[in-house]
Amino acid sequence: MLTSATNSPIDDVEFLARSDHRVTALAALARRPQSRADLRAMTGVSQSTIGRTLRAFEDRCWITREGRHYEATQLGAFVAAGMQELLDRLETEQTLRDVWQLLPDEADGFTIEMVSDAVVTVAAADDPYRPVNRFTSLLRETDRFRVVGFDVALLEPCRDELCQRIVAGMHAEIIASPSVANYIRSTDPEQFASALENGNLTVRLRDDLPPYGVGIFDDRVAISGTDPTSGTVQTLIDTDDPAAREWAESTYESYRREIPTLSLETPVA
């Protein structure tokens, strides 16, 4: 039996991480008893490899054997759960690695855990409108939409879709800078006026907006990140996480307070 004197925690992490099949096998054994044949079919490795893996698991007291079946001990299940959590965290980190600097930070009350299960949509060289397209798909599935901080780069490409949804009955409230409101109004005054006139659209003007966008839909919230140099939308991250929604609601209300609305007749500065 291996002991802590001869096997450090890092050694065990390295042992599991060195071959994908080991993590898969231990997780399977933590769910229910498995035979060697079950594990071979699941992992695609040879009989000798599974044999060596099971002996190593037994040496560490991670599994027990009864007849032809193996099952994780409480220690093995504990390790399997911890390893899966680590892998999930690393997968999230890899997804956000190139765009995390565009997101809110802890000073804003935001944590990465809020988007650990989020849909992360990142612009690509061959598909720069991926975040915009994802945003548009969320618009199509909601009856109410509130947003603060989204800029021209995200709103303008889906302006027609947004206005059509508002005219059709979707309620929208937008907190934007005067320059954003002015741009959207000037590109299609009649469509903008129609959206305001039917009472489903409220526009509030504010200069001191966050450097990121926060959108609140019926079932999801979304955060947009824009490259400050190019002005292009680099990512849209959307989630149904309750903590993320609470943060988004609080952030939105903090910018909404004591801001006058834009009337149909009010010129945008």
Open item on the list: Contact list please: Cβ distance under 9 Å, first residue in the range 57-71 and over 18 Å from HIS21 (Cα atoms), second residue part of a loop (DSSP other than H, G, I, E, B) and at pLDDT 95 or above, pairs at least six apart or on different chains.
Closed with: CYS61/THR73; THR64/THR73; GLU66/PRO33
Open item on the list: When you check ARG144 against the structure, is it modelled with pLDDT of 90 or more and under 30 Å from ASP88 (Cα atoms), yes or no?
Closed with: no
TODO: Name every residue in the range 73-90 that is at pLDDT 90 or above and surrounded by fewer than 16 Cβ atoms within 10 Å (Cβ to Cβ), in order of residue number.
DONE: GLN74, LEU75, PHE78, ALA81, GLY82, GLN84, GLU85, LEU86, LEU87, LEU90
TODO: Run down GLY215, GLY169, GLY231 and say which single residue is at positive phi, modelled with pLDDT of 85 or more and not in a helix (DSSP H, G or I).
DONE: GLY169
TODO: Considering each residue of the range 132-164, count those that are open to solvent by less than 50 Å² (accessible area, probe 1.4 Å) and in a helix (DSSP H, G or I), and give that number.
DONE: 15
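Listed here are the residues, each with its yes/no results for (1) in contact with a helix residue (DSSP H, G or I) (Cβ under 8 Å, 6 or more places away or on another chain); (2) small (Gly, Ala, Ser).
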site: GLN164; (1), (2): no, no
site: SER177; (1), (2): no, yes
site: THR187; (1), (2): yes, no
site: ALA195; (1), (2): yes, yes
site: GLY225; (1), (2): yes, yes
site: GLY231; (1), (2): yes, yes
site: TRP247; (1), (2): yes, no
TODO: Tell me which residues, restricted to the range 186-212, are within 20 Å of THR136 (Cβ to Cβ), not β-branched (Val, Ile, Thr) and not in a loop (DSSP other than H, G, I, E, B).
DONE: GLN191, PHE192, SER194, ALA195, LEU201, TYR212
TODO: Tell me which residues, restricted to the range 102-131, are in a helix (DSSP H, G or I), open to solvent by 10 Å² or more (accessible area, probe 1.4 Å) and under 25 Å from LEU201 (Cβ atoms).
DONE: none
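The values are calculated or read from the model by the stated rules, or taken from the named source; none is laboratory data. None of these values were measured; they are calculated from a predicted model. All Cβ positions, glycine included, derive from the backbone under ideal geometry; neighbour counts span all protein chains shown. SASA here: full protein model, heavy atoms, side chains in, ligands and nucleic acids out. Shrake-Rupley method; radii C 1.70, N 1.55, O 1.52, S 1.80 Å.
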